[in-house]
1. Out of all the residues in segment 328-346, which are over 24 Å from Leu409 (Cα atoms) and open to solvent by 30 Å² or more (accessible area, probe 1.4 Å)?
2. Val12: open to solvent by 30 Å² or more (accessible area, probe 1.4 Å), at pLDDT below 85, in a loop (DSSP other than H, G, I, E, B) and out of contact with any strand residue (DSSP E or B) (no Cβ under 7 Å at 6 or more places or on another chain), yes or no?
3. State which residue pairs qualify: first residue on the phi > 0 side of the Ramachandran plot and inside segment 58-77, second residue assigned to a strand (DSSP E or B) and of a type outside the set (Val, Ile, Thr) in any location, beta carbons under 6 Å apart, and separation of 6 or more residues or different chains.
4. Just to be sure before I move on: is Ala183 assigned to a helix (DSSP H, G or I), modelled with pLDDT of 85 or more and surrounded by fewer than 17 Cβ atoms within 10 Å (Cβ to Cβ) in the structure I sent?
5. Go through (1) within 19 Å of Asn431 (Cβ to Cβ); (2) among the polar types (S, T, N, Q); (3) in contact (Cβ under 8 Å) with a residue 12 or more places away in the chain one by one and return the number of the condition Asn310 breaks.
6. Taking interchain pairs and intrachain pairs at least six residues apart, which have beta carbon atoms under 7 angstrom, with the first residue in segment 82-96 and within 12 Å of Val60 (Cα to Cα) and in contact (Cβ under 8 Å) with a residue 24 or more places away in the chain and the second open to solvent by 50 Å² or more (accessible area, probe 1.4 Å) and of a type in the set (Phe, Trp, Tyr)?
7. Could you say which residue among Gln505, Gln509, Gln493 is under 30 Å from Arg386 (Cα atoms), open to solvent by 70 Å² or more (accessible area, probe 1.4 Å) and in contact with a strand residue (DSSP E or B) (Cβ under 7 Å, 6 or more places away or on another chain)?
8. Are any residues in segment 391-425 open to solvent by 40 Å² or more (accessible area, probe 1.4 Å), touching a residue at least 40 places away in the same chain (Cβ under 8 Å) and not in a strand (DSSP E or B), and if so, which ones?
Amino acid sequence: MIWKPIVAAALVALPAAVSPGDVQEILIRPAGTDTEVVILTDGEVEPREFLLTDPARLIVDLYGADVGDLRGSYDGIGRGGIVRMRSSQLRPEVVRLVFELTGVAEYRTDATPGRFTLRFANPGEGFAPWSTGPAGDAPLAMADRNPAVTAAASVRALRRAMQDDPPRITVAYDSASMLDVLAGFAEFAGVSIVPSTGAAETIVRGVDIRNQRWDVALDAILASQGLGWRMQSEGILIVDLLEGLRTRDTLQTETRVFRINYASADSVAATLFGLATPNRGQVVAYQGANSVIVTDVPSVVARMDTLIQNLDRKTPQVSIEAKIIFVDRTDVNSLGIVYDLKDRTGNSINDVVGVEDPLAPGELTNATLVDLSGESIAALANANDRVLAPSLQILATTAFGDFSLAAFLDALEQHQLSDVQAAPSIQVVDNHNARIQVGERTPIRVLEAGGQVANATVNVQFEDTGIILDVTPHITNNSQILLDVSAERSGLQTDLPDVGFNFSQQLGQTRLLLDDGETMVIGGLTLSQVDRNESGIPLLMDIPVLGGLFRTTKNTETKQDLIILVTPHIVP
């Protein structure tokens, strides 16, 4: 490089060491009726490959290698039976290449120092070669590449020059032409820089930068002169006045299709819409391919590209195991005495003990008989409040004169236990709601009265009843699970003629933080009800001790317990 005499400058670079075994290039090309995949490295590596099905994937692990600048996903391949490719640094010195195939295929391999080849039958038609870019010291023939690949390679070359730890530079300028400054940086960083006319006429004075990253140093020099730069899609840096760059962005538009893998195209489009240029930028969601189409100035499209990469990430899932236990216990105690006093020749109240029907000799009747021929008396106590389905019945009778007295003792003790258990399991994406219901949908008829009852309209609505569990998990950065839980037990209790249906409900809502695999217990949803009913002969039933002989007593105790256990697991 030739420097003008008025310029005093020094460029010092810290050499960047290249690790042996870096992956330099990956080429997909036709080989007769086969598809050939060539992986080039700048050193000897140990390849290990295997095939997966459902979906078909060919995995290649390169031991002793570094992924270098080829890390990422290549989604637009679509040739030779290869849909897409992903490359990543599986662990230190192990590179993993994943080739997604249209179908499972038998393959052959060939390995030589710095070169690993895979071949399998091409399931489709002929195709143009595809490559990730130039291969450093071992380039492939230009006939193996296409123009689109060459342009992409230029962009990757620029990104390599602007990697996380680019070379550092020390420069000093005094009355130097901007053309000379940019030429020095282009030579040093190995990038292409094109200045505008206004930028080329600028003179740089009094600049002294020591041991800084070259891109940081270039930004500082351009900013001091009111200049800026933009990167073209072909990998060329355009240097211009800031006003010129804004005008360029205003005049130019770019349309790009972003394929969304994990998120919803509608949600991503709604987020990007706020970043679009007012009255010019367009963001459209295409549900058919779950893609977002963006048309805007290049700088805005570039920002959207970065945002989509951060938003469209594989969302972890949570497996939720629940155990729902419902216990219903009912205890019933009933005791009652019925007295029946009859005049055998006169009046009788025959609800309890029948007598011979005077109108049908030989047949018994339970109808009340009234004899109007003379004086007589009959009595019946507690007959209409007897114990239903008693377990013990005792009958005692006695006769004195023309009267007979019958006493019935009814006793019942009953215990009922209902134990219902359900163990549903559900898997849900992080930050989404999961709902488990064990019950039924109860129909409710709603009467909308018209002008006349005959014109009333009847609608049917459904109410979800039973045991309902709503859970929304959120995975924290330290792999804990934040759960929003709503547990409900409901059911149809009574049918009220005037107001419709009456529903019973037990509801618990909470938010808590759990470790992976930790169990949460929702308790306290307990209903206890005690009913006591006494009926008998007035005055006599209130006599201490002896009052129990003249009344019927019913005691009912009901207890209902609901326990819900929820255990979340992060799906690996």
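The values are calculated or read from the model by the stated rules, or taken from the named source; none is laboratory data. Since the structure is predicted, the reported quantities are computational estimates derived from the model, not experimental observations. All Cβ positions, even for glycine, are placed from backbone atoms using ideal geometry, and neighbour counts span all protein chains on display. The area values use the complete protein model at the heavy-atom level, side chains included, leaving out ligands, DNA and RNA. Shrake-Rupley method; radii C 1.70, N 1.55, O 1.52, S 1.80 Å.
1. Matches in segment 328-346: Asp328, Arg329, Thr345.
2. No; evaluated as a whole, the condition is false for this residue.
3. Gly64/Glu46; Gly68/Asp22
4. Details: assigned to a helix (DSSP H, G or I): yes; modelled with pLDDT of 85 or more: yes; surrounded by fewer than 17 Cβ atoms within 10 Å (Cβ to Cβ): yes.
Criteria met by Ala183.
5. With (1) within 19 Å of Asn431 (Cβ to Cβ); (2) among the polar types (S, T, N, Q); (3) in contact (Cβ under 8 Å) with a residue 12 or more places away in the chain applied to Asn310, the lone miss is (3).
6. Pairs that qualify, where the first residue is within 12 Å of Val60 (Cα to Cα) and in contact (Cβ under 8 Å) with a residue 24 or more places away in the chain and the partner is open to solvent by 50 Å² or more (accessible area, probe 1.4 Å) and of a type in the set (Phe, Trp, Tyr), are Val94/Tyr63.
7. Checking each option against the conditions leaves just Gln493.
8. Asp402, Ala423
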